[in-house]
């Protein structure tokens, strides 16, 4: 199975069925993206356009059918009308193709189950694994496989070219989505927020390849650190549960389950033919197998960024460090509402704070309770000293650091100083930099580059920290069970 999954992500050769000259056609965009990556030297294999209407596409010899290529083709990307797909699959079977991505729609999602079943039977008989139909396929920045029918740039009516759909840089986050449109928007979000992607997979109708197979594949992938799932329903619940239960012990999974409401479930059924099921069941299954559940799109990526950058924690015992009293109060509420516990500071900690105050290394009027308010007079060095004391304490397992860069005494070196202290500990630290100015955004970006996930609001930071602690608690329980 793993070898067949590899054929999707690292094929030696690809044929684009339905390649076209017309820029508005899906086949044109798919082949253009593959060709560009080959010319850039990212994709090292061979690419073949296939369309009986043309003798060449984008300057490359075009073949009337797969049979005419007469060379090994490991994977095909199909972008032709739905009724033509079975014939393409028959040709693929004869050509020894191992993997097929079916972009075409018009199958089970619109009630055309027989046509989809016919395609599945051909695939089973020929040994061809299938992703789709009704999907966007795969984006793998490492191998140069890009089957997304989304152009990177578009021309506006003014004649100006703009980035239409950005591709994230190579990273360690896998995104698996049942919805192609969600995936497209998600990739754009990741690119805009500096989140690198290991691979993206749009599954569509899932007539063959399912989530649990991809989870198993990426669990053994050295480049993968965290897997994000967007799901509307699961076809093979038992296989998914058993696979995820083993995988979460080595690779974290964060899932956004859509279709929680009756109306949402109905929409999911008409979208990718997904049976949404009872939401409470999904919640229980996720908890049992160690999947961290996100309740909206923002949480999915906030949690994914946190788990990608920080270590999990075995408990929810949390401290807050801030240079503003109000944000500290808001963060306290957010942490408690997220399931975190704001611990009472030990006498050892308060004594250490008092010693530093006496030496003039902390502000005398700072608050010696949790949240720890360094006040608006705090400097970068004070942040580092206080953070070290908090992280060294055995009763604190995670930190939320709020930095208000608007205060005059805080310089941007606070980022590196906080990051340096955090790196010396095995406890998660997340940052919150409130504000919408260029300076606030600069602080958030630099925190991320220093390895600390950073958020614009306390509630988002609290949920991110919760995901690290929830996953850490699961790992601790799983370790005890296995031991």
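Looking only at the range 289-341, count every residue that is touching a residue at least 60 places away in the same chain (Cβ under 8 Å), over 24 Å from the mean Cα position of the chain (by Cα) and within 23 Å of residue 415 (Cα to Cα) and tell me the total.
11
Can you tell me which residue in the range 195-220 is surrounded by the most Cβ atoms within 10 Å (Cβ to Cβ), limited to those that are within 12 Å of the chain's Cα centre (by Cα) and in a loop (DSSP other than H, G, I, E, B)?
By that ranking, first place goes to 195.
Can you find even one residue in the range 406-413 that is in the same structural domain as residue 331 (by TED's automatic domain parsing), touching a residue at least 12 places away in the same chain (Cβ under 8 Å), more than 25 Å from residue 249 (Cα to Cα) and part of a helix (DSSP H, G or I)?
The answer is yes, given that some residue of the range 406-413 is in the same structural domain as residue 331 (by TED's automatic domain parsing), touching a residue at least 12 places away in the same chain (Cβ under 8 Å), more than 25 Å from residue 249 (Cα to Cα) and part of a helix (DSSP H, G or I).
Going by the structure shown, is residue 150 assigned by TED's automatic domain parsing to the domain that holds residue 302 and farther than 19 Å from residue 82 by Cβ?
No, not satisfied.
Please find, within the range 370-379, the residue that is farthest from the chain's Cα centre (by Cα) out of those that are under 25 Å from residue 413 (Cβ atoms) and assigned to a loop (DSSP other than H, G, I, E, B).
Checking each candidate, the answer is 377.
So which residues in the range 157-194 are out of contact with any helix residue (DSSP H, G or I) (no Cβ under 7 Å at 6 or more places or on another chain), within 20 Å of residue 217 (Cα to Cα) and buried (at least 17 other Cβ atoms within 10 Å of the Cβ)?
If the condition is that a residue be out of contact with any helix residue (DSSP H, G or I) (no Cβ under 7 Å at 6 or more places or on another chain), within 20 Å of residue 217 (Cα to Cα) and buried (at least 17 other Cβ atoms within 10 Å of the Cβ), then 171, 183 are the ones that fit.
Do we have residue 421 as buried (at least 23 other Cβ atoms within 10 Å of the Cβ) and either more than 16 Å from residue 301 (Cβ to Cβ) or within 19 Å of the chain's Cα centre (by Cα) (or both) here?
So residue 421 does not fit the description; no.
Any idea how many residues of the range 323-369 are closer than 14 Å to residue 395 by Cα and not in a loop (DSSP other than H, G, I, E, B)?
Adding up the residues that qualify gives 6.
So residue 95 ticks every box in (1) buried (at least 19 other Cβ atoms within 10 Å of the Cβ); (2) under 28 Å from residue 178 (Cα atoms) but one. Which box is left unticked?
Exception for residue 95: condition (2).
Of 431, 384, which residue is part of a helix (DSSP H, G or I) and at pLDDT 95 or above?
384
With respect to residue 144, determine if the residue is touching a strand residue (DSSP E or B) at 6+ places or on another chain (Cβ under 7 Å) and buried (at least 19 other Cβ atoms within 10 Å of the Cβ).
It is false that residue 144 is touching a strand residue (DSSP E or B) at 6+ places or on another chain (Cβ under 7 Å) and buried (at least 19 other Cβ atoms within 10 Å of the Cβ).
Confirm whether residue 376 is surrounded by 15 or more Cβ atoms within 10 Å (Cβ to Cβ), outside the structural domain of residue 290 (by TED's automatic domain parsing) and in contact with a strand residue (DSSP E or B) (Cβ under 7 Å, 6 or more places away or on another chain).
Here the answer is no, as residue 376 does not meet what is asked.
Identify all residues within the range 231-248 that are over 10 Å from residue 289 (Cβ atoms) and either out of contact with any strand residue (DSSP E or B) (no Cβ under 6 Å at 6 or more places or on another chain) or surrounded by fewer than 22 Cβ atoms within 10 Å (Cβ to Cβ) (or both); write none if there are none.
232, 233, 234, 235, 236, 237, 238, 239
Identify the residue in the range 140-165 that is in a loop (DSSP other than H, G, I, E, B) and under 25 Å from residue 105 (Cβ atoms) and, among all such residues, is modelled with the lowest pLDDT.
Among those residues, the one meeting the criterion is 164.
In the range 440-457, which residue that is within 18 Å of residue 327 (Cα to Cα), touching a residue at least 24 places away in the same chain (Cβ under 8 Å) and over 18 Å from the mean Cα position of the chain (by Cα) is surrounded by the most Cβ atoms within 10 Å (Cβ to Cβ)?
So the residue we want is 443.
If you go through the range 446-483 one residue at a time, how many are closer than 23 Å to residue 408 by Cβ and out of contact with any strand residue (DSSP E or B) (no Cβ under 8 Å at 6 or more places or on another chain)?
Number satisfying all stated conditions: 2.
The values are calculated or read from the model by the stated rules, or taken from the named source; none is laboratory data. Remember, predicted model here, so these are calculated numbers, not experimental data. Using ideal geometry, Cβ is built from the backbone for each residue, glycine included, and neighbour counts are taken over all protein chains shown.
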